[in-house]
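Below is one structure, written out as structure tokens; the observations come after it.
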Amino acid sequence: MSGSLFIVAAPSGAGKTSLVNALVAKYQQIKLSVSHTTRAPREGEVNGKDYFFVSQEQFAQMRDTGDFLESATVFDNSYGTSSAAVMSELELGQDVILEIDWQGAQQVRKNQPDCTGIFILPPSKEALEHRLQGRGQDDDATIARRMRDAENEMSHYVEFDYLIINDDFELALDELKAIMTAQRQSITVQKQVQAKLLVELLA
């Protein structure tokens with residue numbers, strides 16, 4: 001039985017990473033795909049756990065040889081998802097989450113049209129800016145640029161299957177889990193999981 005592939009996207013500061021990390025920590029059947037990136041590690045980030053940190057040259061070589069399921073350049077840094085790693089997990093029956101942006105999501109849908117897309121929005125622009133400032137990671141100019149880019153990013157929510165407003169964190173986490181549970185119970189998935197039982201019941 002193959003696992004289900006989920007895409008979770010959001011503008012920077014909407015709480016996407018916190019929600020995904022909380023979900024993966026609670027449910028072992030869901031695995032987060034670790035992306036490759038050319039950006040420098042932030043304080044506390046671990047190579048191979050948070051990202052695979054690679055040089056521009058390494059990234060370009062992987063992209064040119066078709067190693068990425070999707071890749072994109074965001075805020076002057078490149079990000080990519082290893083196709084082989086994702087397919088391997090899915091073939092083992094593991095559900096996989098791709099935490100990527102809307103550009104990457106478009107690429108993945110072309111290659112894996114049966115994936116499930118989830119978009120996360122903040123409750124307001126004011127809340128989004130407050131969260132970006134609260135990180136303490138970026139200067140005012142960077143935050144202003146992220147806010148401008150967020151307006152464009154948020155307009156792409158219509159390309160996804162589900163929408164979550166991250167106002168109350170625990171509620172948003174429950175909604176994210178509910179979407180994945182519903183997908184696991186879909187006819188397509190259950191026909192594989194319960195193949196033997198369905199044959200017996202209909203014999």
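None of the figures in this text is laboratory data; all of them are computed from the coordinates on show. Keep in mind that this is a model prediction, so the values were computed, not measured. Please note: Cβ atoms are built from the backbone with ideal geometry, for glycine as well, and neighbour counts cover all protein chains shown.
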**Request:** Could you give the size of the charge dipole of the chain about its Cα centre, using +1 on the Cβ of each K and R and -1 on the Cβ of each D and E, expressed in debye and rounded to the nearest 20?
**Result:** 460 debye
**Request:** Once you have a ≥ b ≥ c as the square roots of the Cα gyration tensor eigenvalues for the stretch 154-197, tell me rounded if a/c is under 1.5, and otherwise prolate or oblate according to whether a/b is larger than b/c.
**Result:** oblate
**Request:** Treating only the Cβ atoms of Lys and Arg (+1) and Asp and Glu (-1) as charged, compute the dipole magnitude of the stretch 70-132 about its Cα centre; round to the nearest 20 debye.
**Result:** 180 debye
**Prompt:** Hey, rough spin-label estimate for LEU198 and ARG109, points 7 angstrom out along Cα→Cβ, what's it come to in nanometres?
**Reply:** 2.6 nm
**Message:** Under a crude label model (7 Å from the Cα following the beta-carbon direction), how far is VAL189 from ASN77 in nanometres?
**Reply:** 3.1 nm
**Prompt:** How large is ³J(HN,Hα), in whole Hz, for each residue of the stretch 116-129 in order, when computed from phi with the Karplus curve 6.51 cos²θ - 1.76 cosθ + 1.60 and θ = phi - 60°, using x for Gly and Pro?
**Reply:** 10, x, 10, 10, 10, 10, x, x, 6, 5, 5, 5, 4, 5
**Fill in**
With a 25 Å threshold on alpha-carbon distance, the violating pairs from LYS16/LYS49; LYS49/LYS177; LYS26/LYS49; LYS31/LYS125; LYS26/LYS196 are LYS31/LYS125; LYS26/LYS196
**Complete:** Listed with the fewest Cβ neighbours within 10 Å leading, LYS31, LYS125 appear as LYS125, LYS31
**Message:** Using the crude model of +1 on Lys and Arg Cβ and -1 on Asp and Glu Cβ, and no other charge, please compute the dipole size for the stretch 1-119 relative to its Cα centre, in debye to 20.
**Reply:** 240 debye
**Prompt:** Fewest to most neighbouring Cβ within 10 Å: what's the order for THR38, THR188, THR81?
**Reply:** THR188, THR38, THR81
**Prompt:** On a 0 to 90 degree scale, rounded to 10, what angle separates helix 169-184 from the longest Cα axis of the chain?
**Reply:** 40 degrees
**Asked** So how tilted is helix 102-111 from the main axis of the chain? Cα-based, degrees 0 to 90, rounded to 10.
**Response** 30 degrees
**Fill in**
Given Cβ charges of +1 for Lys and Arg and -1 for Asp and Glu, the option among VAL158, VAL199, GLY3 whose Cα lies farthest towards the positive end of the dipole of the chain is VAL199
